[in-house]
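Only the coordinates and a few stated rules stand behind these numbers; no lab work does. Computed from a predicted structure; not experimentally measured. For neighbour counting, all protein chains shown are included, and Cβ atoms are generated from backbone atoms with ideal geometry for every residue, glycine included.
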Amino acid sequence: MKKTILILCLLGAFIMKAQESYFTVYNITVEPQNVSTIYKLFDDYYSKNKPAGVSVSLYENHFNDAGNNYTHSVVFGGSLENLGNMYGGGGENTSWDLFLTRINQHTKDGFSSAMGVRLHTFGDTGQPHPFQHYILVDAENASKMAEAWAKMNGATNPADRLTMMGTVTVGQGPDGANVWVINAFKDFKSAMGGINTMMTPQQKQARDKAWDEFIANNGGGNVVRSGMRILMKTW
């Protein structure tokens, strides 16, 4: 039943160049022998049927804890109008129905789903950053945390890192995560070394100061989950 609900809903977050955008995300579990089939199904369908104004991304959930061990994420996103149009599309669509049927046949289970808003982005969205750390935060004041985060990264984000943050509006789990952050890198080495390896000593000193200010002014909160996903393809 869980898988059926997921597949019936599988119309849905992305990376847009505008500051604020909307997203939906579906986390699924795929058996190893079916991964290539799932990828091909997505590639065949969305190469020909990309929703207007919407980006569709397929990720592998590469590093994760035991309670977060789904295998893949499907992320759709765009403006409120474009996502609304995609979800509001009606009428008969044989290609879509066949796509859903085949996805359902090769997906073991649906793990979770959510929707929300991307509020801020710093970095070059025109360059690929496939290695992405994700961090989920239970923030006491999401608006205050977003403001403090934007101030810090607007001044100190390294040129080769793409960083984004936003809020979860529907689909929050029992851990209370309501704020998400993604730090994205061009290669695995950078993702492994993290932000400190991308900065000069002077830049690191400025970053450390900005971090202290962020901690003092973010309204409070706790990291409840983190991991790394790898982009397989965006359509």
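Once the Cβ-Cβ distance between TYR39 and ASP208 is put in as r, and R0 is 45 Å, what FRET efficiency do you end up with, to the nearest 0.05? Kindly include the intermediate steps, with their values, before the conclusion.
Values: r = 41 Å, r/R0 = 0.91.
The calculated FRET efficiency here is 0.65.
Tally Lys/Arg at +1 and Asp/Glu at -1 over every other residue whose Cβ is under 13 Å from the Cβ of VAL224; what's the total?
-3
Order these by the 10 Å Cβ neighbour count, fewest first: LYS50, LYS204.
LYS50, LYS204
In which sequence would THR37, THR167 go, from the one with the fewest C-beta neighbours within 10 Å to the one with the most?
Lowest to highest Cβ neighbour count: THR37, THR167.
What order do you get for TRP235, TRP96, TRP149 when you list them from fewest to most C-beta neighbours inside 10 Å?
If I rank by nearby Cβ atoms, fewest first, I get TRP96, TRP235, TRP149.
Once both labels are modelled 7 Å past Cα along the beta-carbon direction, what's the PHE188-GLU60 spacing in nm?
0.9
Where does the chain land at 222 nm, in deg cm²/dmol rounded to the nearest 500, when only DSSP H runs of n ≥ 4 count, each adding -39500 (n - 2.57), divided by all residues?
-10500 deg cm²/dmol
Find how many whole Å separate the alpha carbon centroid of segment 59-78 from the alpha carbon centroid of segment 184-230.
21
Take the alpha carbon gyration tensor of segment 22-124, find the square roots of its eigenvalues, order them as a ≥ b ≥ c, and report rounded if a/c is under 1.5; if not, report prolate when a/b exceeds b/c, else oblate.
Judged from the Cα gyration tensor, segment 22-124 comes out oblate (a/c at least 1.5, b/c at or above a/b).
At 7 Å along Cα-to-Cβ for each site, give me the label-to-label distance between ASN217 and GLN172 in nm.
Here the modelled spin labels are 2.5 nm apart.
Do any of LYS48/LYS151; LYS144/LYS209; LYS50/LYS108; LYS48/LYS186; LYS186/LYS209; LYS40/LYS186 go past 29 Å between their Cα atoms, and which? Write down the numbers at each step before the final one.
Working: LYS48/LYS151 40 Å; LYS144/LYS209 18 Å; LYS50/LYS108 25 Å; LYS48/LYS186 27 Å; LYS186/LYS209 26 Å; LYS40/LYS186 24 Å.
Exceeds cut-off: LYS48/LYS151.
Classify segment 116-235: rounded, prolate or oblate, from the alpha-carbon gyration tensor (a ≥ b ≥ c, eigenvalue square roots; a/c under 1.5 rounded; otherwise prolate if a/b is larger than b/c)?
oblate
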